[in-house]
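The structure appears right after this line, and notes come after that.
Nothing in this text is a laboratory measurement; each read-out follows from the coordinates by a stated rule. Predicted model only: the values in this text are computed from it and were never measured. As a convention, Cβ positions derive from the backbone with ideal geometry for all residues, glycine included, and neighbour counts pool all protein chains shown.
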Amino acid sequence: MFKFMHKKHPVPAERLRHQKELFRYAKTAQHGFPSKPSALAYDPTLSLMAIGTKSGAINVYGQPGVEFYGQHKNVESAVRQIIFLPNQGRLVTHCDDNTLHLWEVNFRSGTSVLEEVNSTTMEGKLKTISTCCLEASGEHLLVGTEGGNIYLLNIASFSLTDNIIYQDVVMQNVPDDYKVTPGAVECVRQHPVFPDKILIGYNRGLMVVWDRKQLNAERVGIWDRKLVHGEQTYVCNQSLETVCWSRDGAEFMSAHNDGSFIIWNARKLSKPDGPHAPYGPFPCKSMTRVSWVTTDSGDWVVFSGGMPRASYGDKHTVSVLKRDAQREEEKHVAFDFTSAVVDFVLLGGEGTESKEGPHTLLVLAEEELVAVDLSSEGWPTHQLPYLSSLHSSAITTASYVTDCSETAYRRLVAAGERQRQPASQKPWPITGGERVGEPCSSRDLLLTGHEDGSVCVWAAGDVSLRLIYRLTTSRLFSEEEDDRDRRERELDEEFPPLRSVGVFDPYSDDPRLAVKRVALCGDSAALVVAGTAGQIVVWRLAEEEKEGYKVQPVLVDLVSEQDSFAWKGHDRLPARPEPLTLPAGYQPSSVIQLHPPAAVSALSLQDSWGLLAAGTGHGFVLFDFIQNKPVMHKCTLNPHDYAASGESPMTRGKSLKKSLRESFRRLRKGRSQRAAGPRRASPSPAGGQTPTAATDSPAAPQHARRGLSPPVTVSDDDVRPVERSVEARSEDPAFSGMIRCLYLATSYLASGQPPMRTLWAGTNSGAIYVYAVHCAAGEKRNTTPVTWQPGKEFRLKHGAPVIDIRIVDAGGRSVCRAPADQAATGPHRVVIASEEQFKVFTLPTMRPYGKFKLTAVEGSRVRRIGYARFCASPTDDSAYTEWCLMCVTNQGDINVFTLPELRRQMHEESIRREDILGITSLVFTEHGEALYLASSSLYQRLALSSGVAVRPSCRLKLPEGARPAAGAAAPAAASAPATDESAAEAKQRTASGDSRPAAEASFSSGADTTVDSHRDFLSSSEKPVESAAAATSGAAGGGDGSGPSEPEVVEISTEEADRLLNGMRGLVNGVGGREERSVENYKEEKDGVKKSLEKSKETHISASEDEQNNVTAQREETERVLTTTESTSDSVTTRSKEEVRVVRTTRITAGTKVTEVTPPATTAAAAAATTAGTRQNGNGE
């Protein structure tokens, strides 16, 4: 009890410095495929690709390692279209909420970032955007609308101009049937040779070549198969989908909703070529997208859709037709995808001067990206360096291996190269941008287990997640009938010429194939895969093919001692009866089948021992895969556990009367414990103190929840931490025997004996079993049986599920990761992590060393555990390092604790508590990182350490003068002073006797936090400080405001200083940092002038400690005021002005002085005036 009575000591300054050097939270990179993609674009000049999603995300990709991420403010608005401004590093996005946004790749803090710099909204029902097209000059964006009009958006000012192509003017030379309802503007394409001409396509089938210079239509074409009116006009009710020009602009192609396309001659009046229905004459689906590239030797026609409705209506295809100079078909392939096609682009052959055809077809589907090499024989697909389809089959488990050995990594890569022989050997075609600094060289691996029984090994040590090897376990148990049928169908079918591409396959015929646990040895690359039906397979790399392998599983009965047990769940997977031919790569060495065939819940591998441990809901087994036989097994099944047999307790004859009786017993037991009151907390060893409610309560501020002891004293009344009452739970017989964790490690198990090999097992009811394992050395290992003996067995008092066990040395490093010469130095301690708390025991005596109660204080439960080495520098080996424990809770919070003291160093609200997938899928790395599934197809990477090097660090170099200077379109506004106001405003204010600036005169009444209100914080001191105005007027240099005033030192009492420090307790606890919050948003409109004010305040806090343990805190308050004035008269002008003022700087030293530095009213001001657009009136003024 004495540890609760003494006053808390402040955090040492050295510890504060280490915290800032070691721990830093950030979202660094994204791995995988964006969820729900909706748009695709390509910049041929800079070789960049952009993908937009339905959640408003915008990602730009270049060469591997070059990635830029952006997010629209409206996360519920999908990105419908992306348009690159060629060679400028800028792009325009069109969203579902009828807005247009301008993005730029700018260089910030040593790396390039994607920033939104402007946006505009098209208001009105008739102005709903249907399509956009960029001029070749890049000055204007042609915006087609549902109302039929086409507007011009000035890119420089990002505002609409008065030049509008009205639908009524275009309709003057159109037949009467189309003058009434021609439909929305479906597409707009600029002429490749004559920029003044544009091709306008309307929804009902009308196409117009519009001359913007002459303001007339050159030619009108309306297509119909039945009625012909002369040689110029064809009338039909077929809707138009899209149009495209030929390279020289002599012809254009139109695609329609009946699966056909037509080629029109734009130079002379002649009958069009078509219609052509590639998969007719039967009714076909709509041809939604078409691209046409013409060359001297022929042309390429690429289109999506157009398949026959009756037979192939469920297909998602992109067809490629290569034709000769006489337009006779040379090669025709319909690429078949398992998900809907979003868009596609052709790489190569861009521009009117190019004579070459495309070299790559890039197809964006809803679930994957596919790149087809059109320049190689057979048109193979590229191996993706990024944007891989992680969810080709649903991810069921994941594991992260840090720093794999060089030999094992090299063998893995070589085996993967042999797998990808059918893929294209050409380099990745997208090469934009360049990386800053050296690429990451760590050999980290991410292993993902999937629903179809496959395991993917990914290179995860860099920004780009690259597939190394793909292993399929289903070939050992069942025939791959789907693949066989698909191959036979492709051989039998001659037309359409379908070819399946992509890896996305969400369907699995047998749910028992799903992978539940996976483990890989980083030294030997040995792999163990455990599945849903109790199957466990040990895989090893082989350099040569193996023939005549027969699958012979070793059966292990976990419930052999339970005579009355009867399994009524699913059957085990049958092994393949015929011999198999195993290709080079991973080959099975041992196959284990557990009985009952329940899902494997825990797995541990020690390849150097030749042993593995696996557990289910019925028990666990220790297996020797060198001699291919079990060493021991233990049944942890409760005798009353009927639910584990595969059915509910009520169906096993358990009466309703007995169930109700047990329920009332649990209620009475809970009431009696609550009536007795919470027990007093037992003392913990030094370094393992239970956190107080002031710093760990969910109601505490964010900065106070980081687990750091504030450098203030507490009253004597606060003698014990406030905790929730965690009652002893009654055993749930349904899952009490489930094995939650297994651990194989060498450590001390008995006093006076050397380290020995041990097996640790933790259950769902808090029971822990420890065994000593003895293996022969050298050549005797292959023949001498492995022996074992019980070591320890105990149960946690609170009975929470044990989710992780780890043995660490004196420095907190895992003994499995420590070098051999350091493994036995210093005392060993075992860290036992349950769902509710962490406990540390000293080995071999199992004496308690420390604990941290998480559920009792915060109410959250631990879901995942990890251990990492935190280093201040990723490259400097001599930098200060620490080994820490990391965990994520069911609330989505990530915590970091020191080892073995269990002092919390970080607390971050990382994942939404509603995101169950993200919380359960999170894996930690030993570099102080975490990865979790932000969606079913995308991993989000988090950095918890300051020394993390895996983050996009790249830049985009632009040619000199490629991007137009800002404000070039509005020189008048750019040259105007930032504080300009209209003459009417100035005259009105002068008449009213107000001499303040316009911004202050209009919005001073809405101020939220002033200097005087901050002065009230120190108003109770014995010697009040002067006001800010007085301090400003009395500045040095004659009071002209040329510099800040001299700081004023005020002597205050010790009690007053303690009160001030307690008031800033959460801000002066050593965390430091910057907090920003919006203070005011105000808008008004009067006399044709719109005014808006955005005021925000930033507070930067820092703390230090001297040798006498005096804590000094500094708080700097900065106020930012952004004023926007917009005139809504004939001349529309928008001006913005931003002022930055340091309101005050306060330094507080405990028990001695208060030093306050109050700067002048405006110490720093950054003002800029920009003109959003100047609209001319009808007279052209």
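For region 349-400, applying the loop criterion from DSSP together with a ceiling of 15 other beta carbons within 10 Å to the GluC sites (Glu not before Pro) yields 353, 356, 377.
Between the alpha-carbon centers of region 551-608 and region 275-348, tell me the distance in whole angstrom. Each part's Cα centre sits 48 Å from the other's. Here the translational diffusion coefficient of region 60-127 follows from Stokes-Einstein with Rh set to the Kirkwood radius across Cα pairs; for 4 °C and 1.567 mPa s it amounts to 99 µm²/s.
Applying 1/(1 + (r/R0)^6) with R0 = 35 Å to the Cβ-Cβ distance of residue 1099 and residue 36 gives a FRET efficiency near 0.35. Placing one equal scatterer on every Cα of region 31-170 and applying the Debye formula, the log10 ratio I(q)/I(0) at q = 0.20 Å⁻¹ is -1.23.
Between the DSSP loop rule and a limit of at most 15 other Cβ atoms within 10 Å, which trypsin sites (Lys or Arg not before Pro) in region 306-375 are left? Please report the intermediate quantities before stating the final value.
Working: sites: 309, 315, 322, 323, 327, 331, 355; in loops: 315, 327, 355.
Hits after loop and neighbour filter: 327, 355.
In this simple spin-label model, placing a label point 7 Å from the Cα along the Cα-to-Cβ direction at both residue 172 and residue 627 gives a separation of 9.8 nm.
Given charges of +1 on the Cβ of Lys and Arg and -1 on the Cβ of Asp and Glu, with all other atoms neutral, how large is the dipole of region 387-545 about its Cα centre, in debye to the nearest 20? Could the numbers behind the result be given before it?
Values: 19 positive and 27 negative charges, 113 e Å.
In total the dipole reaches around 540 debye.
With θ taken as phi - 60° and the Karplus curve 6.51 cos²θ - 1.76 cosθ + 1.60 applied, the whole-hertz 3J(HN,Hα) list for region 389-401 is 7, 4, 9, 3, 10, 4, 6, 10, 7, 8, 8, 10, 10 Hz, x standing for glycine and proline.
Note on residue 576 and residue 873: with the Förster distance fixed at 56 Å, the Cβ-Cβ geometry gives a FRET efficiency of about 0.60. Principal axis extents of the C-alpha atoms in region 800-959 (largest first, rounded to whole Å): 68, 40, 23. The string of couplings for region 24-32 from the Karplus curve (6.51, -1.76, 1.60, θ = phi - 60°) is 7, 9, 6, 8, 9, 8, 10, 10, x Hz, one whole number per residue in order, with x for Gly and Pro.
Each residue, residue 14 and residue 315, gets one label point 7 Å from its Cα in the Cβ direction; the gap between the two is 7.3 nm.
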